[in-house]
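Derivation of every value follows stated rules applied to the coordinates shown; laboratory data play no part. As the structure is a computational prediction, the values presented were derived from the model and not from experiment. Every residue, glycine among them, receives a Cβ derived from its backbone with ideal geometry; neighbour counts consider all protein chains shown.
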């Protein structure tokens, strides 16, 4: 079956299985992350305290960790939830928001990578470079987060962690270290609304909750958001940001496998 | 005066008295809960720290407690605020979001029910079943949260607590243990936007802030949200979730007593 | 250059320089505050923990402190971030949300004013009166927060703190203690959406991040939000609050210097 058909199949599975997506996330985009998972066909649940995350993740299909607004209480909850998810075979997605900007974010992302087996990491190029470079540094090698070969850094990180790495940007890169999917969907307006990256991670989480092929799940989430951006840009006359944001949710609520089949602009990197 | 006229009167009172609705709530739907109270005619205020909730609730018309994203800090604040509200005769509304999913949520809901006299509990059928069943269990009786006679469970809970219980779903049930109001307003799309339950609780809170007849206040809030769902579904072409969400607020901002008089589909259960 | 041209110039500078606006703010309006800064042309970043705010503010163009939902953790972070900003010459904006309602808010606002040198304070008339009156009281003088000469209170507060004070309301007052700019833009619907005050403070912050003339930056932010209110009121048929809110962001995303030149209704108070 062609890659694009399989990606469309992820969406069908989300709609059919309604995965429970447990998110420990930041308070900036949390509402959007809940709404986009609902629109995509999943069921979001937010719980971020150490006193309940172990129980909550146990009933979830997937755990999404987003380090956008960290504090010591939520860091503890992320680690506990992630470890419990690992024990139970529940996949974990990491969104390393702003990693590199502060020591707390970098340390927390590294600690999560060290203590929790991850299914997918979804970030932008600079975030992934930090993660790849930092790991390299601890091994005495400067992988060159400033050199900028994003694709190679993503592959290296994916291989080391045994996880899928999804790097979103003008061209999206999704890799499991071996295969690389490039995606050209999307619209620049996505960078003018807060939390669109977080929302992609939430969509990726929903997909990861229904299939063991995390590369496909990640690609389906990335492509879905890209298509949503294209639709919303046109529907909002290319520049009404309030309308654009609302149309993103409209589109994700209405997206069908046929949209992916007709609209995905992906290629396998040779 | 007919029930429906009285419910319309609650809305008029909210507009006239502009109740201050103090909400200690989750960070997922908090913005929507503030905006819907404003749209309905109330004045929202959010404060969740033990250091200030006692003072804040003292100037409020009503306190709404929502356990959607609990932690030890906010649990303490909820109990302190609830007890102070009781001392001052300020009514308290509880939304037991996700009760039953974790021990923390169940324990907290039970502790609030034990330590704070409640005016209204607003939840969905499974949440109310947990509350009713758990209470029954502690008395050595299994009220049967799985048996599923939601109406009876609601009545039992209402009678035990001396509170109004509002159970929202395909058909809404509002009862004070004696009278039962059934409401058939609403639209399935309300389940595809996060926080619509929380928003109903916020509307109920605004009503409770202006009348001692909590059954009426709860019914007015439930019917208002149901009518909003019907309007928004049509206005958003039955499936644009971003637009649907925005139209909910449009409608609540414009709702007049005449909308309730013309649109409420309620009946007193014989 | 005329005042209005200079204000338009602030907007051009925001678009050109893309200031990083670090906000430690409440969880009610935080998403709107991020989105409006993005729409205006700035780059928002939210971080509120003592473990990272010192590093985060060091890379920021401006720090905005908003006391809407305080707790001991975020109060500590605000003070640390504010002091670090002072050391580094990064301007600080304070939004004293709800000051006067509780001792915690009043004490925190006063502590921030005592320990952090502020560039701008943006509040409504009663908030500014509390700040002015409280300060006066500690000096043995009752400046009369109930007397109500808002303009004089604003001037006094500005002079004492060496900061710009922006008081938003039916008529906005922006003063550095010496000059007073009065602004008649805006629309009453702005009071029916939560967080519009917080959003003005965020816009002011973006402006303060690109110019040392804080009076101009504050006036540009206030006028921009006023114009957005006027546009959104008309675009939402004067009363659809969901649409109104979305159109605010539409307008701020599209606002050009020409909008300020054509629409600003400001005067220098003689």
Say whether the condition of being closer than 19 Å to residue A:31 by Cα and under 16 Å from the mean Cα position of the chain (by Cα) is met by at least one residue in the range B:67-78.
yes
Residue within the range A:170-179 that is within 14 Å of chain C (Cβ to nearest Cβ), in contact with a strand residue (DSSP E or B) (Cβ under 7 Å, 6 or more places away or on another chain) and buried (at least 24 other Cβ atoms within 10 Å of the Cβ) present
no
Hey, can you tell me all the residues within the range B:118-132 that are in a strand (DSSP E or B) and crowded, with 24+ Cβ neighbours inside 10 Å?
B:120, B:121, B:122, B:123
Of all residues in the range C:1-36, which are in a loop (DSSP other than H, G, I, E, B), touching a strand residue (DSSP E or B) at 6+ places or on another chain (Cβ under 9 Å) and without any contact (Cβ under 8 Å) to a residue 40 or more places away in the chain?
C:18
Residue in the range B:37-71 that is nearest to the other protein chains (Cβ to nearest Cβ), counting only those that are part of a helix (DSSP H, G or I) and under 15 Å from residue B:208 (Cβ atoms)
B:37
Conditions: (1) more than 14 Å from chain A (Cβ to nearest Cβ); (2) in contact with a helix residue (DSSP H, G or I) (Cβ under 8 Å, 6 or more places away or on another chain); (3) in a helix (DSSP H, G or I); (4) more than 30 Å from residue C:89 (Cβ to Cβ). Residue C:191 meets all but one. Number of the miss?
(2)
Just to be sure I understand, how many residues within the range C:230-265 are crowded, with 16+ Cβ neighbours inside 10 Å and either more than 22 Å from the chain's Cα centre (by Cα) or in a helix (DSSP H, G or I) (or both)?
24
Among the residues of the range B:71-90, what is the count of those that are touching a helix residue (DSSP H, G or I) at 6+ places or on another chain (Cβ under 7 Å), closer than 18 Å to residue B:114 by Cβ and surrounded by fewer than 22 Cβ atoms within 10 Å (Cβ to Cβ)?
5
